[in-house]
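Here is the structure we will look at.
The values are calculated or read from the model by the stated rules, or taken from the named source; none is laboratory data. As the structure is a prediction and not an experimental result, all values here were calculated from the model. Neighbour counts are summed over all protein chains in view; Cβ atoms, including those assigned to glycine, are modelled from backbone coordinates with ideal geometry. Heavy atoms of the whole protein, side chains included, go into the accessibility calculation; ligands, DNA and RNA do not. Shrake-Rupley method; radii C 1.70, N 1.55, O 1.52, S 1.80 Å.
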Amino acid sequence: FFFQAEGVANFSLSWCHWMMAAQVLEAYTACRQELISFIDEANCAPIMVRLAWHDSGNFDSRITAWPDCGGANASIIFEPEIGYGANAGLVKAVSYLKPLKEKYPAVSWADLIQMASACAIEVTGGPKIQMKYGRVDAPDGSACPGRTSRGTEDNAGLPDAMPPFGCGAKDAATHLHNIFGRMGFDDEAITALSGAHTIGRAFNERSGTVEEGYGDAKASQYSKSGCPVRFDSKPGVGMPGGRPWTKNWLTFDNSYFQALQQSMDKQLNWFPTDAALHEDKGFKVYFDKFAASKEAFFEAYARAHKKLSELGSKFEPAEGFTLPMQSNSDLGVLCTLALGARGALAAQAMQAMLARVGVSPRNTKLLQP
């Protein structure tokens with residue numbers, strides 16, 4: 001039987017395999033909904049984005065073999081990678097995801113990590129990213145890239161916020177080009193991805209780049225308990241402390257690019273890699289563009305985030321699959337089933353499965369051969 005669903009997947013499957021595919025789709029959709037609720041309640045969006053980025057960010061386009069090339073394969077859950085200095089504190093994010101992985105074993109670790117990141121962007125008011133799933137997990141710690149394997153002095157090629165830069169660059173702009181160029185990103189994408197600093201904070205206990213640390217006693221003016229930081233104006237900061245890049249650091253918008261227009265605040269971060277975005281001519285054109293238009297930023301960011309989330313990934317099926325985009329309006333998926341004698345039974349199963357993931361049956365087509 002041939003099952004084809006735009007926005008869901010394309011499979012050539014036996015009847016049993018088709019039903020298994022439907023169950024996987026249902027598990028992924030349910031997992032996504034739980035992630036959105038959890039991230040919203042725990043106010044933990046920034047660390048979820050950081051976990052996914054650091055899993056993807058060791059990708060090396062010069063290496064073709066999987067999983068040696070790195071990228072979004074969940075190697076970050078293993079030692080020694082999770083213990084690298086740049087990944088300090090990310091064991092907390094992994095622990096957040098473990099109960100969901102246990103509840104939804106059909107969802108791979110690599111998919112779960114990237115799904116959480118996309119949900120985190122959405123929860124904080126950012127764009128909805130049409131993600132692709134089906135990533136295969138790295139088998140164990142043997143897949144972790146070595147600390148110096150990407151031509152950097154440490155951290156498997158992840159970017160540094162401040163000099164000295166591990167790639168040997170003499171300035172921050174060159175460092176950004178070296179690190180993100182290795183992953184295949186251009187100036188627009190590098191600038192857009194940097195804009196994700198609109199959410200999150202730096203901590204002394206993690207990066208050591210700031211004096212502020214965990215808790216209210218070590219918090220900046222904008223990271224104390226009770227600070228109004230959420231995009232929906234609801235209370236909550238998660239764990240207080242650290243120093244953010246923006247005043248409303250649980251709101252995904254373009255305020256990161258407007259920091260200069262609002263005059264720099266010493267209670268906010270602005271590292272050499274941030275300054276490079278408005279000092280380097282190649283970056284500045286996009287920095288100014290995103291400062292002027294949140295819509296332009298969201299469009300570029302969603303495109304770059306999706307690319308980052310797929311770097312180095314091995315998908316099964318090879319083309320991957322996507323989930324129906326969740327929205328307040330009617331969700332529709334156009335389905336074509338060539339089913340022969342079992343058409344009626346398949347129609348019932350299909351409509352029941354689609355209803356559970358919020359898809360309107362009236363948008364479903366069944367075609368008999």
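If we count every other residue with Cβ under 15 angstrom of Glu205's Cβ, Lys/Arg +1 and Asp/Glu -1, where does the sum land?
+3
Cross-link list Lys101/Lys294; Lys218/Lys266; Lys98/Lys234; Lys92/Lys128; Lys218/Lys306; Lys247/Lys289: which exceed 23 angstrom alpha carbon to alpha carbon?
On the way: Lys101/Lys294 34 Å; Lys218/Lys266 15 Å; Lys98/Lys234 27 Å; Lys92/Lys128 25 Å; Lys218/Lys306 35 Å; Lys247/Lys289 21 Å.
Going by Cα-Cα distance, Lys101/Lys294; Lys98/Lys234; Lys92/Lys128; Lys218/Lys306 fall outside the 23 Å limit.
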Spatially proximal aspartates and glutamates relative to Lys314 (Cα-Cα < 20 Å; intrachain offsets below 8 disregarded): Asp55, Asp60, Asp68, Glu81, Asp111, Asp137, Asp140
Surrounding net charge for Ile76, when Lys and Arg each add one and Asp and Glu each subtract one, Cβ distance under 12 Å: -3
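Keeping every protein chain in place, order His175, His54 by accessible area at 1.4 Å, biggest value first, i.e. largest first. Kindly include the intermediate steps, with their values, before the conclusion.
Working: His175 0, His54 35 Å².
Highest to lowest solvent-accessible surface, that is His54, His175.
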Selection from Ala93, Val107, Pro139, by position along the positive dipole direction of segment 88-178 (Cβ): Val107
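What FRET efficiency comes out for Asp232 versus Ala42 if R0 is 22 angstrom and r is the Cβ-Cβ distance? Round to the nearest 0.05.
Values: r = 15 Å, r/R0 = 0.68.
Plugging the Cβ-Cβ distance into 1/(1 + (r/R0)^6) gives 0.90.
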Solvent-accessible surface (1.4 angstrom probe) belonging to Lys218, in square angstrom, nearest 10: 110
Nearest-20 debye value, segment 184-303 charge dipole, Cβ charges on Lys, Arg, Asp, Glu: 400
Heavy atoms of Trp66 accessible to a 1.4 Å probe, total area in Å² rounded to 10: 80
